[in-house]
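Structure first, commentary second.
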Amino acid sequence: MTDDGASFSSPKQLLAARGLHARKRLGQNFLVDPRFAARVADALPADAFVVEIGAGTGSLTEALAQRARRVATLEIDRGLAAIVRERFADVGNVTLVEGDVLEFDFAGALRPESAPRAICGNLPYYITTPIIEKILDAFDFWESAVLMVQREYARRLTAAPGTPDYSSLTVFVGYHCSVEKIFDVGAAGFYPAPTVSSAVVRLTPWANRTAGVDDERVLLKTIRAAFSQRRKTLANCIVAAVRSKSGDEQDERLRSSVEQAIATARLEPKIRGERLSLDDFKRLANALVTARIDIV
Ligand code: SAM
């Protein structure tokens, strides 16, 4: 089979042949244009070991198998797993793992493999964030991830500080990886056509993520706290996060140490969390560590 679609296996026909239907509950919208599958696969390093999330009927698996050293593809739906097993029975570099991606041991699968190692998928959108958190947990064991996500989600991942789409997710993912949007895919690219548009993003882990970070846990807690109440100032959010832990409602000393830490980080006293860049967050977290403000 080639990428020109001459012998493309239509998801609709593959499902119909087995009396199956796309299950909305499992985020099943299958790629119907092999050119999109080819572009996704081309965005990965050549000759990689690839973990694919959500095989579906194998539209993307096929393009990956042509470029990758080996593909381990995950699928939770038993009916689809049967299609994939049959479709790739004679393809030596594809292995199907039937089960839930949220239970999958990414580090265990990727650690023994040599680079390049990659993660790829036209994601089931109902669990996009848990999937991203899970692959970031295995951050040390892959070199590239190319993911199809909802277009709004791609905007959140690539948003600039102070814009409406900027969120704790933007900073959390941006702390681990550089994020680039590669291309958009409209609803017509899928069967059945979803009600939302999609985009493909590439995540590339930073080599020196923790450089200049005194305590990573404090940094991550600070990011979460800063976005916890968008209408409040950064100082109020941090004070609230520390108080909720200590239960002390009256501590004025705490407020003044938080304000001092914000000044040490060279930030405006009344600034809101949504305006801070990743570097601002790093300086602030280090100032909180130095001041022994226990946000953890
Ligand atoms: N890669 C295929 C394609 O592009 O045509 C299918 C993409 S479809 C958007 C998402 C796939 O993820 C579906 O096949 C769905 O059954 C599968 N899926 C949903 N939840 C899953 C889970 N928790 N674990 C593994 N696969 C899951």
| message | If you count only protein heavy atoms with a 1.4 Å probe, what accessible area per residue comes out for the chain, rounded to a whole Å²? | response | 48
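For the chain, what does the helix formula give at 222 nm: sum of -39500 (n - 2.57) over DSSP H segments with n ≥ 4, over the residue count, nearest 500 deg cm²/dmol?
Dividing the helical sum by the residues of the chain leaves -11500 deg cm²/dmol.
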| field | Amide H contacts of Ala72 (H built 1.01 Å from N, under 5 Å, at least 5 apart or other chain) | value | Val50, Val51, Glu52, Thr95
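Would you mind putting 42-55, 277-290 in packing order, based on average other-beta-carbon counts within 10 Å, highest first?
Peptide ranking by packing, descending: 42-55, 277-290.
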| task | Over 13 Å, how big is the tail of the calculated P(r) for segment 65-126, in percent of all Cα pairs? | result | 67
| remark: Inter-part gap, Cα centre of segment 52-129 to Cα centre of segment 158-213, in whole angstrom, is 21
| So which aspartates and glutamates can Lys221 reach, going by Cα to Cα under 18 Å and dropping same-chain residues fewer than 8 places off? | Glu133, Asp137, Glu259, Glu274, Asp279, Asp280, Asp294
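Ranked highest first by the average count of other Cβ atoms within 10 Å around their residues, in what order do 111-119, 168-176 fall?
Sorting 111-119, 168-176 by mean packing, highest first, produces 168-176, 111-119.
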| request: Can you tell me the 0 to 90 degree angle between the C-alpha axis of helix 78-87 and the longest principal axis of the chain, rounded to 10? | output: 50
| remark: Descending accessible area (1.4 Å probe), largest on the left, turns Tyr153, Tyr125 into Tyr125, Tyr153
| said: What does the net charge come to around Ser198 if you take all other residues with beta carbon closer than 13 Å to its beta carbon, with K and R at +1 and D and E at -1? | reply: +1
| So how compact is the chain: Cα radius of gyration and Dmax in angstrom? | 22.0, 71
| Cα-based helix-to-principal-axis angle, 234-246 vs the chain, degrees rounded to 10 | 90
| So what are the radius of gyration and Dmax for the Cα set of segment 216-290, in Å? | 11.0, 31
| message | With a 1.4 Å probe and all protein chains left in place, how much of the accessible area of segment 11-205 comes from carbon and sulfur atoms, in whole percent? | response | 49
| message | Quick check: the angle from helix 252-264's long axis to the longest principal axis of the chain, C-alpha only, nearest 10 degrees? | response | 70
| message | Which lysines, if any, have their Cα less than 17 Å from the Cα of Lys270, not counting same-chain residues under 8 positions apart? | response | Lys232
| remark: Restricting to lysines and to Cα separations under 26 Å from Lys12, and discarding same-chain partners fewer than 8 apart, the set is Lys24
| said: If I ignore ligands, DNA and RNA and count only protein heavy atoms, how much of Lys232 is accessible to a 1.4 Å probe, in Å² to the nearest 10? | reply: 80
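The values are calculated or read from the model by the stated rules, or taken from the named source; none is laboratory data. Note that the coordinates shown come from a computational prediction; the quantities given were computed from them, not determined experimentally. So basically every Cβ, Gly included, is an ideal-geometry build from the backbone, and we count neighbours across all protein chains shown. What goes into the accessible areas is simple: the full protein's heavy atoms, side chains included, and nothing from ligands, DNA or RNA. Shrake-Rupley method; radii C 1.70, N 1.55, O 1.52, S 1.80 Å.
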